[in-house]
Amino acid sequence: MTDEENNKGEPITYDDIDFSGKYLKFESDIRTIILIQDFGWFRREGKKYQSEEVEMQDWFNATVLEKDGKVTDKVISVNSKPFLKASKVLVGLDKAKPVLLSVRKLGDKSTTVYDIEVITE
């Protein structure tokens, strides 16, 4: 084995791992306060659940300006039917203006529901 093949990179500890990503995820049973803007519902192609086949799906997308009072550069991109149902509270609001929301994910997998409340428009 050459030194190049053996070089795995610079060692780090678990605490050094960067778990940040582009997409905001909601943890079960934790209320998250988010400030969103440029939100909306879209239909686009996506993979079927547990399949490589593609189909047209409904999605909710939003830019997340803040999460729990801290500035962020995340986005929400969700095609979960329970999330789409709960997002009805945003119908009629100005998509270009920031909206402060309280989001709580309840349950897990097939029993998941979302409690979404508009705090300020």
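The values are calculated or read from the model by the stated rules, or taken from the named source; none is laboratory data. Predicted model, so just to flag it, every value in this text is computed and none were measured. Cβ atoms come from the backbone with ideal geometry, glycine included; neighbour counts cover every protein chain shown.
Would you say E55 is under 18 Å from D115 (Cα atoms) and either at pLDDT below 90 or in contact with a Cys (Cβ under 8 Å, 6 or more places away or on another chain) (or both)?
So E55 fails the test.
From D108, D115, which residue is under 19 Å from S28 (Cα atoms) and at pLDDT below 90?
From the options D108, D115, the qualifying one is D108.
Within region 25-77, how many residues are exposed (fewer than 13 other Cβ atoms within 10 Å of the Cβ) and touching a residue at least 60 places away in the same chain (Cβ under 8 Å)?
Within region 25-77, residues that are exposed (fewer than 13 other Cβ atoms within 10 Å of the Cβ) and touching a residue at least 60 places away in the same chain (Cβ under 8 Å) number 4.
Among (1) modelled with pLDDT of 90 or more; (2) of a type outside the set (S, T, N, Q); (3) out of contact with any strand residue (DSSP E or B) (no Cβ under 9 Å at 6 or more places or on another chain), there is one condition V75 misses while meeting the rest; what is its number?
(3)
Considering each of K67, K95, K85 in turn, give the residue that is touching a Gly at 6+ places or on another chain (Cβ under 7 Å) and modelled with pLDDT of 90 or more.
K95
Sort through V118, V89 and tell me the only one that's closer than 19 Å to T32 by Cβ, out of contact with any Cys (no Cβ under 7 Å at 6 or more places or on another chain) and assigned to a strand (DSSP E or B).
V118 is the lone residue from the list that is closer than 19 Å to T32 by Cβ, out of contact with any Cys (no Cβ under 7 Å at 6 or more places or on another chain) and assigned to a strand (DSSP E or B).
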